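Undergrad: Sharing a structure, written as C-alpha cells. Questions coming.
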Amino acid sequence: MGEIQMKNTRDGNFLQRVSKVLLARREASLVILLAVILVPIVVRSPQFLSFTNIDRIINDISILSIVAIGEFFVILSNGIDLSVGSIIAFSGMASGMLNEAYPQVPVFFLLLLGTGLGAVMGAVNGALVAYGKIPPIITTLGTMSVYRGLTFVLSKGTWVTAHEMTPNFIGFPRQSFLGISALIWMALIVIVVTYYFSRFTRSGREIYAIGGNATAAKFVGVNEKRIRFMVFVISGTLFGFAGSLWTARYASAVNEMATGFEMQAVAACVLGGVNFAGGAGAIPGVVLGALFLGVLNNALPVVYLSTFYQTLVQGMIVLLALVINTMVDQRKTRKLLEQRRAR
Amino acid sequence: MAEQRDLVAKTRLIQETGWRNALIELFTKWEVLLGIIFVLMVVFFSNLSPYFLDYFNLMNATFQFSEKAIMALPMIFIIMCGDIDISIASIIALCAYAVGTASAAGVGTPGLIAIGLAVGAAAGLVNGLLITGFNMPAIAVTLATQSIYRGIAQAALEERAMTKYPAEFGFFGQEFIPGTMIPFELVLYIGLAVIMGFVLHKTSYGRRLYAIGSSPEAARFSGIKVKKIRITNYMLMGLFSGIAGVLLTSRILSARSNIATSWDLEVITLVVLGGVSINGGKGTMWGVVIASFLVGYLKFGMGLLKLSGTIMTIVIGTLLIIAVLLPRLLDGYKNTRKMRRQQAEAALQSAKA
C-alpha cells in the first residue's frame, strides 16, 4: 500500500504533488486550516499573535491536550469515555481538599493523589468494559454520574477557594523553567511519552490492532481484554493528572468543574483525524486538534461572538470534522477497491 | 457404591428440573424480576415513610418522571436497532427556547405546541439524516448535535429565561384530568406507551426493528429498508423530545438554556433497565413501562427519606450499569444449568446402556 501511495505522489505536476502530500497527512491540512482562520483574526486584531496571547493560548490548551490524549487511546480502541469531566472533578477536588487540610504535603504528592485516583476510576471503567462486557458508552455514561455524585459527597457540596490552598500549589503551573511554564512542560512530557508509547511499544501497537479489527487482532494473539482494560486505565490516569493540574491552574475546586469537557476532548480527537471506528489516528494530530480549539476559543471575542457561542461553534466544528473524516475514509476505501480491481 | 449414589443424584436433578425449570424460567424473566423489585420497593418505602402510599402523593409524583418516560418510548426503537441518541436533552432545550420565544412574540397555545413538536421532529430528522446519510457513528453525531442544539439555545438566550406564556398553556404540564386526580401528563404517557407498544409488538414496523437489531446486514439483505427505519426512529425520538419539551416548559413555565441537563442518562437508563438489550434486538414495552415507574417512585421514595439529589444521581448511574451487567449474569446462570442438565442426561443414558 505504501508503494501505491508513493507512485501516486509521483504523478501530476508539482502543485498537485504538493497538495496530495499535504492532504494525505491530517496534521498538514490542520496546520493549513489553522493558518487560514488565523489570517482574518490577525487582520482584525494584530495583538492576537503577541507573545503574551500565544503564551496564554498554549497554557490554556495544555490541560486539554493531556485530556484529549487520554480520550484518544479510548477512541483508538473503538470505545468512548464520557466520564472525562467527572474524573477530572473528583481528582481535582481531592487534591484541592488535601491541600487545604494538610498544607505541608508537597505539590508532587497532590499530583500523585489526583493521578492515582484517576487511575482507579479508569480501572473501574476498564473492568466494566473489558471483563463485564458492558459497552463503553453505557459504562461511562453511568460512571459519569457516579463519579460526579461522589465528588459532591466528598466535598459535601462546598468549594475549595484560592486562599484555602497553598501558594505553592496554585503557583506551580505558572512557575517557569527555561522560559516555559511548568504546565506546558507537563503537557510536553505527556505528549512525548504517549507518542513513544503509541508508536514504538508493543502494547501501543496492539491498541491500534484491536481498534482496527478486534477479531483479526485476537487471532494473531493480542489479548483483547487486557488492551480494553488498559486504555481506560491510561485515560483515567491522564484525566486524574489533568484534574490536579486544573485545580492548581484555576486556583479553585468546584463540584461542577469540567462539566461537558468530554465534548472538547472528543472534539480535539475528531479534529485531529482520529477515526471513530477505531484503529486510526495519531498523537500529533490530537495535539494540533487541541491547539485548533484553543485558538478558536480565544478568537471568539475577537470576532465579536460572546462566549455563549462557544458550545455551538464547537459542536459545528466537530460535526464538520466528522463529515470530512468520513468522506476521506470512504474515498480511501473506494480507491483501494478500484486498485484491487485494476490488478 | 459411590457411583450409584452419583447416579441417583443425577436422576433426581433431571426429575426436579421439570417444575423447577419452569419456575426459574419465570423468575429469571426480566419483566417479572422488575415487577418483584417494584413490589419490594413499595413495601420498603411504605414501611419507612407514612407518606409514600398516599393516592395523591403517588399521582403527584408522576409529574417528576412522565416526561422522561415519554422520551424512553422512542428510545426503545433506537436502542433496539443498536443505535443511541445522546442529544435528546439538548433537543428539549432547543424546543423550550423555540416555544418560549414564540410565546413572547404572542403565539397562542395551539401554535406553541405545534412549534415545539415541529422543532423537535426537525432536530431528530437532522440526527437521522446525518447518521445514515454519511454513515457516521450515532454516538459521535449525537455528541456533536448535543452541543449544537443546546448551543443554539445558549447563544440566543444567554443567561435569560423566557417566562411569558398564555394562561391555558400551563394545563399540559401542571393540571389533572378534570374531575379526577390523574395528571394529564400521566394519561398522555400511558396513551403514547399503548400506541408505541402496539407498533413495537403488533406491526411489521416493530418486527423489522427486532430484525435490524439482531443483524442489520441480514435485515438489509432480506429487503428491509434499514436506513429509512433508522431515520424514522430518530425523527420519532425528536418528536417525543418535543412533546417532553412542551410538557416541561408548561410545567415550570420557564425556558432556560440549561434545562433538562443529563436527562439523556436517565432516559437511556429507563430503557436499558427495562430490559432492552444495548446490543440490539431484544426487549419489550412492558419492561420499560415497569422500569419507568420503578425509577420514578424510587426517586420519589428517596426524596421522602430526605436523600439528596446527589445520592440519586449515583443510584441512577449505578442502576444503569447493574441493569446491563445483571441480564448477562442471569443468562450465564441459565446456560450453566442447561449444560449441567444435559451432562447429567448424557451420563444417565450411558450408565443405562
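Any read-out appearing in this document is the output of simple, stated calculations on the displayed coordinates, not a laboratory observation. Everything numeric in this text was worked out from a predicted model, so none of it was measured. Don't worry about glycine lacking a Cβ; one is built from the backbone with ideal geometry, like all the others, and counts go over all protein chains shown.
Undergrad: Would you work out which of B:Gly206, B:Val295, B:Phe52 lies farthest towards the positive end of the dipole of chain B? Charges go on Cβ: Lys and Arg +1, Asp and Glu -1.
TA: Projecting each Cα onto the dipole axis, the largest value belongs to B:Gly206.
Undergrad: Rounded to whole Å, give me the distance from the Cα center of the range B:246-296 to that of the range B:90-111.
TA: If we compute the Cα centre of each part, the gap is 22 Å.
Undergrad: Hey, got a sec? Which chymotrypsin sites (Phe, Trp or Tyr not before Pro) in the range B:199-231 land in a DSSP loop and have at most 14 other Cβ atoms within 10 Å? Present the calculation step by step, with values, prior to reporting the outcome.
TA: Details: sites: B:Tyr205, B:Tyr210, B:Phe221; in loops: none.
Of the chymotrypsin sites (Phe, Trp or Tyr not before Pro), not one in the loops of the range B:199-231 has a Cβ with at most 14 other Cβ atoms within 10 Å.
Undergrad: Related question: Report, as an integer, the average count of C-beta atoms from other chains found within 10 Å of each Cβ along A:321-327.
TA: Working: counts 2, 8, 6, 0, 3, 7, 1.
Across A:321-327, the average partner-chain Cβ count within 10 Å equals 4.
Undergrad: Right, here's the next one. At 10 °C and a viscosity of 1.306 mPa s, what translational diffusion coefficient does Stokes-Einstein give for chain B, taking Rh as the Kirkwood radius over Cα pairs? Give it in µm²/s as a whole number.
TA: The calculation lands on 71 µm²/s.
Undergrad: Across peptide A:133-141, how many C-beta atoms of other chains are within 10 Å of each residue C-beta, on average?
TA: Working: counts 4, 9, 6, 1, 8, 11, 4, 1, 12.
For peptide A:133-141, the averaged partner shielding equals 6.
Undergrad: Counting other C-beta atoms within 10 Å, and keeping those with at most 10, which DSSP coil trypsin sites (Lys or Arg not before Pro) do you find in the range A:96-204? List each step's numbers first, then the result.
TA: Values: sites: A:Lys133, A:Arg148, A:Lys156, A:Arg174, A:Arg199, A:Arg202; in loops: A:Lys133, A:Lys156.
Answer in residue order: A:Lys156.
Undergrad: OK, next. Residue by residue through the range B:291-304, what is 3J(HN,Hα) from phi via Karplus (6.51 cos²θ - 1.76 cosθ + 1.60, θ = phi - 60°)? Round to whole Hz and write x for glycine and proline.
TA: Those phi angles translate into 4, 5, 6, 4, 5, x, 6, 4, 5, 4, x, 5, x, 4 Hz.
Undergrad: On to the next question. Per-residue HN-Hα couplings for the range A:227-240, Karplus 6.51 cos²θ - 1.76 cosθ + 1.60 at θ = phi - 60°, whole Hz, x for Gly and Pro?
TA: Listing the rounded values in order: 5, 5, 5, 4, 4, 6, 5, 4, 5, x, 4, 5, 4, x Hz.
Undergrad: State the Cα centre-to-centre distance between the range A:216-291 and the range B:145-170 in whole Å.
TA: Centre-to-centre distance over Cα atoms comes out at 32 Å.
Undergrad: Ok, one more. Which of the trypsin sites (Lys or Arg not before Pro) found in the range B:284-353 are loop residues per DSSP with 16 or fewer other Cβ atoms within 10 Å of their Cβ?
TA: Passing both the DSSP loop test and the Cβ count: B:Lys306.
Undergrad: Here's another thing I want to ask about it. With loop defined by DSSP as not H, G, I, E or B, and exposure as at most 12 other Cβ atoms within 10 Å, which is the longest segment of chain A clear of exposed chymotrypsin sites (Phe, Trp or Tyr not before Pro)? Write down the numbers at each step before the final one.
TA: Working: sites that count: A:Tyr131, A:Tyr304.
Longest gap between qualifying sites, sites excluded: A:132-303.
Undergrad: Sequence gap of 8 or more, or different chains, plus Cα separation below 16 Å: how many lysine pairs satisfy both in the range B:2-352?
TA: Values: B:Lys10/B:Lys338; B:Lys10/B:Lys352; B:Lys29/B:Lys282; B:Lys29/B:Lys334; B:Lys29/B:Lys338; B:Lys68/B:Lys299; B:Lys202/B:Lys282.
Pairs that pass both the separation and distance tests number 7.
Undergrad: Another question, if that's okay. Given chain A, report the % of alpha carbon pairs whose separation exceeds 27 Å.
TA: Working: 28761 of 58653 pairs.
Percent of Cα pairs beyond 27 Å in chain A: 49.
Undergrad: Identify all lysines with a Cα-Cα distance to A:Lys225 below 17 Å; exclude those on the same chain that are fewer than 8 residues away in sequence.
TA: A:Lys133
Undergrad: Stokes-Einstein at 4 °C, 1.567 mPa s, Kirkwood radius from Cα pairs: D for the protein assembly as shown in µm² s⁻¹? Please report the intermediate quantities before stating the final value.
TA: Values: Rh = 27.6 Å.
Once the numbers are plugged in, D ends up at 47 µm²/s.
Undergrad: Another one. Assuming R0 = 35 Å, can you tell me the calculated FRET efficiency for the pair B:Lys227 and B:Ala347, based on Cβ-Cβ distance, to the nearest 0.05?
TA: Details: r = 52 Å, r/R0 = 1.48.
The pair B:Lys227/B:Ala347 has a calculated efficiency of 0.10.
Undergrad: Report, as a whole number in µm² per second, the diffusion coefficient that Stokes-Einstein gives for the range B:242-353 at 20 °C and 1.002 mPa s using the Kirkwood radius over alpha carbon pairs. Show your work: numbers first, answer last.
TA: On the way: Rh = 17.3 Å.
Estimated diffusion coefficient is 124 µm²/s.
Undergrad: Still on this structure: Using only the Cα atoms of the range A:69-200, build the gyration tensor, take square roots of its eigenvalues as a ≥ b ≥ c, and label the shape rounded, prolate or oblate: rounded if a/c is under 1.5, else prolate if a/b is larger than b/c, else oblate. Please report the intermediate quantities before stating the final value.
TA: Values: a/c = 2.70, a/b = 1.26, b/c = 2.15.
Taking the square roots of the gyration eigenvalues as a ≥ b ≥ c, the range A:69-200 is oblate.
Undergrad: Then there's this: Applying the Karplus parametrisation 6.51 cos²θ - 1.76 cosθ + 1.60 with θ = phi - 60° to the phi angles of the range A:299-311, what ³J(HN,Hα) value in whole Hz is obtained for each residue in order, glycine and proline being reported as x?
TA: 8, 3, x, 5, 9, 6, 10, 5, 5, 5, 7, 4, 4
Undergrad: Please work out, to two decimal places, the log10 of the ratio I(q)/I(0) at q = 0.14 Å⁻¹ from a Debye calculation in which every Cα of the range B:172-235 carries one identical scatterer.
TA: The Cα Debye sum returns log10 ratios of -0.55.
Undergrad: Answer with one residue from B:Ala118, B:Ala346, B:Phe63: the one whose Cα lies farthest towards the positive end of the charge dipole of the range B:2-352, charges on Cβ with Lys, Arg +1 and Asp, Glu -1.
TA: B:Ala346
Undergrad: Turning to a different aspect of this structure: So how strong a dipole does the range B:191-317 carry about its Cα centre when Lys and Arg Cβ are +1 and Asp and Glu Cβ are -1, to the nearest 20 debye?
TA: Details: 13 positive and 3 negative charges, 77 e Å.
That gives the range B:191-317 a dipole magnitude of about 360 debye.
Undergrad: Scale the Cα Rg of the range B:79-165 by the rule-of-thumb value 2.2 N^0.38 Å and send over the ratio, two decimals.
TA: Numbers: Rg = 14.2 Å, N = 87, 2.2 N^0.38 = 12.0 Å.
Against the empirical 2.2 N^0.38 Å value, I get 1.18 for the range B:79-165.
Undergrad: Over all residues in B:123-135, what is the mean tally of Cβ atoms on other chains that come within 10 Å of each residue's Cβ? Each step should come with its number before you reach the end.
TA: Working: counts 0, 0, 0, 1, 0, 0, 0, 3, 0, 0, 2, 7, 3.
Other-chain Cβ atoms within 10 Å of each residue's Cβ, averaged: 1.
Undergrad: Just how large is the dipole of chain B about the Cα centre, in debye to the nearest 20, putting +1 at every Lys and Arg Cβ and -1 at every Asp and Glu Cβ?
TA: On the way: 29 positive and 19 negative charges, 230 e Å.
Once rounded to the nearest 20, the dipole reads 1100 debye.
Undergrad: Considering only C-alpha atoms, what is the centroid distance from the range B:298-353 to the range A:192-206, in Å?
TA: Cα centroid to Cα centroid, the span is 39 Å.
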